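The values are calculated or read from the model by the stated rules, or taken from the named source; none is laboratory data. Given the structure is predicted, the values throughout are model-derived calculations rather than measurements. Cβ placement follows ideal geometry from the backbone for every residue including glycine, while neighbour counts extend to all protein chains displayed.
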Amino acid sequence: MNAPRLCEGRVVVITGAGRGLGRAHALAYAAEGARVVVNDLGVGLDGTPDDAPAPDSPAARVADEIRTAGGEAIAHGGDIATTEGATSLIRTALDTYGRLDTLVNNAGFLRDRMLVNLDEDDWDAVVRVHLKGHFLPLKHAAAHWRAEAKAGRTPVARVVNTSSGAGLLGSVGQGNYSAAKAGIVALTLVAAAELQRYGIQVNAIAPAARTRMTESTFAETMAAPGVGFDAMAPENVSPLVVWLGSAASTGVTGRVFETEAGRITVMQGWHPGPTTDKGTRWTPTEAGEAALKLLAEAKEPRPVYGT
C-alpha cells in the first residue's frame with residue numbers, strides 16, 4: 001500500500017514557477033498530491049518581457065508538464081508586484097479549486113551593479129519584484145485566511161518566502177538584491193507573529209541552486225564528491241519547501257532555513273553579543289572606547305559574499 005502523499009488535496013500557489021526553483025517546487029508539490037497554481041510573468045533574467053505567446057509561456061509549459069504527469073495545475077501570468085496581479089493570483093486558486101492552502105513566494109530577477117553604478121531604476125525594479133512581490137500575494141492570501149478563521153474555519157495555511165544568503169550576509173555587486181532579500185526576512189518574522197492566530201505559518205528559505213540567476217556562479221558545480229547527484233540542482237531545495245508548505249510542519253513558523261544540495265541549516269539571525277551599560281549618558285570619546293572594547297570581545301562577522 002502506498003504511503004499517503006504529503007500535500008494530498010492542498011492547493012498551492014507558487015510565484016515565479018515557470019523556471020528554476022519555482023518550476024522545481026511546482027513539480028515537487030504536484031508529486032505530493034497538491035493542485036498547483038503556476039504563476040510566472042514570463043520575463044528575462046533582468047525583468048524585461050519575453051516574447052513567448054501565452055499558450056507557450058513558462059507558466060503554461062509547467063502547468064502542462066504537471067497535467068501530463070497526472071496532476072492538476074493551472075497557469076497564471078499576472079504581475080504579482082501589482083495589486084491587480086496579486087488579487088488575481090489568489091482569486092485564480094479560489095475560483096479554480098475552491099480553496100487555498102499554501103503560498104510560495106519565489107518570483108524575482110537580477111540587475112547587478114556596484115553601488116556607484118547602480119541606477120535608481122535598477123534599484124526600484126529589483127526591490128519591487130522581490131520585496132513588493134512578496135508583500136502583495138502574502139497580504140491578499142492572509143486576508144482570505146483571516147476571513148476563514150473569523151468565520152470559524154481556521155485554515156492550516158502555510159507561506160514559504162524566498163530570501164537568499166545575499167540577504168543574510170550581503171553580496172558585492174548586489175546591493176539592490178541583498179537589500180530586498182534582507183527585507184523579505186524581516187517581513188517573514190512580522191507576518192509569522194501577526195498571522196499565527198489565524199492558523200497561518202510563515203517561514204523563509206535562503207536557497208543555493210543553479211538557476212538562470214546563478215548559472216555562472218554554479219556552472220562548474222555538478223556532482224557532490226562521493227554522492228553522485230547534482231549538488232546545485234534546484235530540485236534539491238524543493239523537498240524542504242514542500243514540507244514547510246504541508247500540514248506536517250505544524251508548529252514551525254518565523255524561521256529561516258538555508259538549504260543547498262543535501263544540507264539544511266536553521267539560521268539564527270541577530271543575537272545580542274557583548275554589552276556594557278554605564279548607567280548614564282556617554283561622551284562620544286567614552287562611547288568609542290566602550291565600542292572598541294566590545295568589538296574586541298565579539299565574534300568576527302561572516303564575510304560578505306564576493307569579498
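Okay, here's what the table says:
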read-out	value
Members of segment 249-265 that are exposed (fewer than 12 other Cβ atoms within 10 Å of the Cβ) and in contact with a strand residue (DSSP E or B) (Cβ under 6 Å, 6 or more places away or on another chain)	T265
Residue in segment 280-290 that is at pLDDT below 95, charged (D, E, K, R), surrounded by fewer than 17 Cβ atoms within 10 Å (Cβ to Cβ) and part of a loop (DSSP other than H, G, I, E, B) present	no
Members of segment 176-191 that are surrounded by fewer than 20 Cβ atoms within 10 Å (Cβ to Cβ) and among the small types (G, A, S)	A179, A182, G183, A186
Residue in segment 161-206 that is nearest to M232 (Cα to Cα), counting only those that are of a type in the set (S, T, N, Q) and either out of contact with any Ser or Thr (no Cβ under 7 Å at 6 or more places or on another chain) or free of Cβ contacts under 8 Å to residues at least 24 places away in the same chain (or both)	S164
Residue that is farthest from N105 (Cα to Cα), among those in segment 120-143 that are in contact with a Lys or Arg (Cβ under 7 Å, 6 or more places away or on another chain) and either surrounded by 24 or more Cβ atoms within 10 Å (Cβ to Cβ) or free of Cβ contacts under 8 Å to residues at least 24 places away in the same chain (or both)	V126
Listing of helices (runs of 4 or more DSSP H) fully contained in segment 74-152 that carry 3 or more residues being within 30 Å of G173 (Cβ to Cβ) and modelled with pLDDT of 95 or more	120-127, 133-150
Top-ranked residue in segment 1-49 [being in contact with a Gly (Cβ under 7 Å, 6 or more places away or on another chain) and small (G, A, S); ranked as modelled with the lowest pLDDT]	G42
